[in-house]
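Presented below is the structure to which this report refers.
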Amino acid sequence: DVKVTQSSRYLVKRTGEKVFLECVQDMDHENMFWYRQDPGLGLRLIYFSYDVKMKEKGDIPEGYSVSREKKERFSLILESASTNQTSMYLCASLRAGRDNEQFFGPGTRLTVL
Amino acid sequence: KQEVTQIPAALSVPEGENLVLNCSFTDSAIYNLQWFRQDPGKGLTSLLLIQSSQREQTSGRLNASLDKSSGRSTLYIAASQPGDSATYLCAVSGNTPLVFGKGTRLSVIA
């Protein structure tokens with residue numbers, strides 16, 4: 001079974017802090033994704049990566065950056081956290097190819113005070 | 001730009017009922033469609049993936065159909081149980097990352 005893990009289930013940070021969210025997958029998937037999920041807005045794609053050291057902006061990249069130094073790990077960075085970044089953050093991975101399932105991690109509930 | 005709509009946004013049914021959740025998408029040029037389940041405060045669990053060349057997929061009490069030409073998919077849940085209570089999301093894959101609907105929140109009442 002594919003396993004996608006995220007470093008924290010719950011995180012509380014202060015405005016202006018630098019925040020790192022880590023995601024690791026164990027199935028050698030090429031593609032990895034970061035989403036945020038907010039009530040009424042659904043899932044919104046922040047960034048994705050289709051290979052090591054590669055990154056692409058999603059729909060809402062402002063205020064975020066990412067890092068993919070190893071194939072299994074994809075990090076989301078909030079350079080200076082703000083209250084409007086309080087959200088549920090979901091990581092996902094996907095094997096390259098047209099007909100593969102996307103798998104999600106358990107999510108990180110981030111609260112910025 | 002692909003848009004995915006799920007109707008209804010919420011549904012409440014008595015235990016034992018068969019039910020259908022709907023998903024529609026605007027661009028029929030998709031590779032596949034995936035149904036997910038999400039429990040409150042948790043991540044998404046993949047339920048079924050239907051390739052664009054397929055008409056349906058089944059897993060236990062779940063059956064998902066796909067009509068690519070009309071831009072529609074349905075998720076049929078047979079003999080619903082309280083444990084089926086969750087939010088169900090559909091997502092379509094094309095030459096861009098998955099595009100998600102906002103989900104249908106299902107409550108199955110014992």
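The values are calculated or read from the model by the stated rules, or taken from the named source; none is laboratory data. Model, not experiment: these values are computed from the prediction. Positions of Cβ are backbone-derived with ideal geometry, glycine not excepted, and every protein chain shown enters the neighbour counts.
Farther than 18 Å from B:LEU44 by Cβ, more than 10 Å from chain B (Cβ to nearest Cβ), within 12 Å of the chain's Cα centre (by Cα) and β-branched (Val, Ile, Thr): does that describe A:ILE46? No; evaluated as a whole, the condition is false for this residue.
Within region A:84-96, residues that are within 13 Å of A:ARG44 (Cα to Cα) sit with their Cβ atoms under 6 Å from residues that are of a type in the set (Lys, Arg), at 6+ positions apart or across chains, in these pairs: A:SER87/A:ARG36; A:MET88/A:ARG109; A:TYR89/A:ARG36.
Regarding region A:5-22, can at least one residue be identified that is in contact (Cβ under 8 Å) with a residue 40 or more places away in the chain, within 27 Å of B:GLN51 (Cα to Cα) and surrounded by fewer than 18 Cβ atoms within 10 Å (Cβ to Cβ)?
The answer is yes, given that some residue of region A:5-22 is in contact (Cβ under 8 Å) with a residue 40 or more places away in the chain, within 27 Å of B:GLN51 (Cα to Cα) and surrounded by fewer than 18 Cβ atoms within 10 Å (Cβ to Cβ).
Taking the numbered list (1) within 13 Å of another protein chain (Cβ to nearest Cβ); (2) over 13 Å from the mean Cα position of the chain (by Cα); (3) surrounded by 15 or more Cβ atoms within 10 Å (Cβ to Cβ) in turn, A:GLN37 passes all entries but (2).
Spot the failing condition for A:LYS55; the list is (1) farther than 12 Å from A:VAL66 by Cβ; (2) within 14 Å of chain B (Cβ to nearest Cβ); (3) charged (D, E, K, R), and only one is missed. For A:LYS55, the exception is condition (1). When we screen B:SER93, B:SER70 for residues that are more than 13 Å from the chain's Cα centre (by Cα), away from chain A (no Cβ under 14 Å) and small (Gly, Ala, Ser), the only hit is B:SER70.
Candidates B:VAL99, B:VAL13: the one that is within 13 Å of another protein chain (Cβ to nearest Cβ), in contact with a strand residue (DSSP E or B) (Cβ under 6 Å, 6 or more places away or on another chain) and surrounded by 12 or more Cβ atoms within 10 Å (Cβ to Cβ) is B:VAL99.
Okay, residues lined up against (1) out of contact with any His (no Cβ under 6 Å at 6 or more places or on another chain); (2) under 18 Å from A:TYR35 (Cβ atoms); (3) among the small types (Gly, Ala, Ser); (4) in contact (Cβ under 8 Å) with a residue 40 or more places away in the chain:
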residue	(1), (2), (3), (4)
B:ALA10	yes, no, yes, yes
B:ASP27	yes, no, no, yes
B:GLN34	yes, yes, no, yes
B:GLY43	yes, yes, yes, no
B:LEU48	yes, no, no, no
B:LYS68	yes, no, no, yes
B:TYR76	yes, no, no, yes
B:SER85	yes, no, yes, no
B:ILE109	yes, no, no, yes
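On the stretch given as region B:16-50, residues that are at pLDDT 95 or above, closer than 21 Å to B:ILE109 by Cβ, over 11 Å from the mean Cα position of the chain (by Cα) and exposed (fewer than 15 other Cβ atoms within 10 Å of the Cβ) total 4.
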